[in-house]
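Inspection log for the structure reproduced underneath, given as structure tokens.
The values are calculated or read from the model by the stated rules, or taken from the named source; none is laboratory data. Every value quoted in this text rests on a predicted model; they were computed, and no experiment measured them. Using ideal geometry, Cβ is built from the backbone for each residue, glycine included, and neighbour counts are taken over all protein chains shown.
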Amino acid sequence: MNELLELYWTFLKIGCVTFGGGYAMLPILERELVDKRNWTTMDDLRDYFSIGQCTPGIIALNVSTFIGEKRRGVTGAMAATLGFLTGPIIIILIIAAFLTNFASLPLVQHAFAGIRVCVCVLIIQAVLRLWKKSVVDPFTLALYLIIFVLNAFSGVLPVKVPAAVLVVCAGVAGITASLIRNRRTGSGQTGKEKEEK
């Protein structure tokens with residue numbers, strides 16, 4: 001029960017500062033889940049982000065579900081997910097109740113302007129962290145450049161490629177490259193097969 005409460009409380013705190021979406025949350029999630037609590041590794045966290053990008057819903061919410069399930073199964077997933085949702089739901093309900101007067105206040109507009117700057121910094125930091133661990137060889141650099149061009153210039157290309165299609169294609173390309181590498185190096189063989197040779 002204590003661990004379920006800790007999951008709930010941890011993701012409640014994270015959910016209350018979820019400005020800018022999943023990628024802006026990567027530094028916060030890394031600090032809370034990897035550095036502070038050792039609930040996961042940075043490699044696993046990046047994998048959760050990749051899966052969260054391919055599944056419906058908010059990336060950071062999906063990550064909370066993955067972490068909760070890893071810690072305490074289905075009940076852990078529910079505790080982490082509910083914790084993550086509690087803060088935003090309360091904040092949105094408060095804002096919605098006063099929306100007519102709230103959004104037009106100069107103080108609120110200035111606050112959102114500052115938050116947008118902070119979100120940009122967090123996203124850039126997340127991109128740099130992901131870059132260092134993901135773009136590690138000529139293949140991944142080439143894949144990055146192809147995906148970047150297809151996404152960045154989709155407005156001027158004859159056919160617009162949806163982001164979901166790019167994610168799936170990148171995954172297929174990664175699997176294909178891994179299979180080719182394994183075939184060339186023979187690393188796909190088991191230790192017993194190598195000994196027999």
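Structure above, values below:
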item: Qualifying residue in region 36-49 (condition: more than 12 Å from the chain's Cα centre (by Cα), surrounded by 15 or more Cβ atoms within 10 Å (Cβ to Cβ) and not in a helix (DSSP H, G or I)); result: yes
item: Conditions (1) out of contact with any Phe, Trp or Tyr (no Cβ under 9 Å at 6 or more places or on another chain); (2) modelled with pLDDT under 80; (3) of a type in the set (A, V, I, L, M); number of the one not met by Leu122; result: (1)
item: Check on Glu30, of a type in the set (Asp, Glu), assigned to a helix (DSSP H, G or I), in contact (Cβ under 8 Å) with a residue 60 or more places away in the chain and assigned by TED's automatic domain parsing to the domain that holds Thr86; result: yes
item: Leading residue by the ranking (surrounded by the fewest Cβ atoms within 10 Å (Cβ to Cβ)) among those in region 147-190 that are of a type in the set (Lys, Arg) and more than 22 Å from Trp131 (Cβ to Cβ); result: Arg184
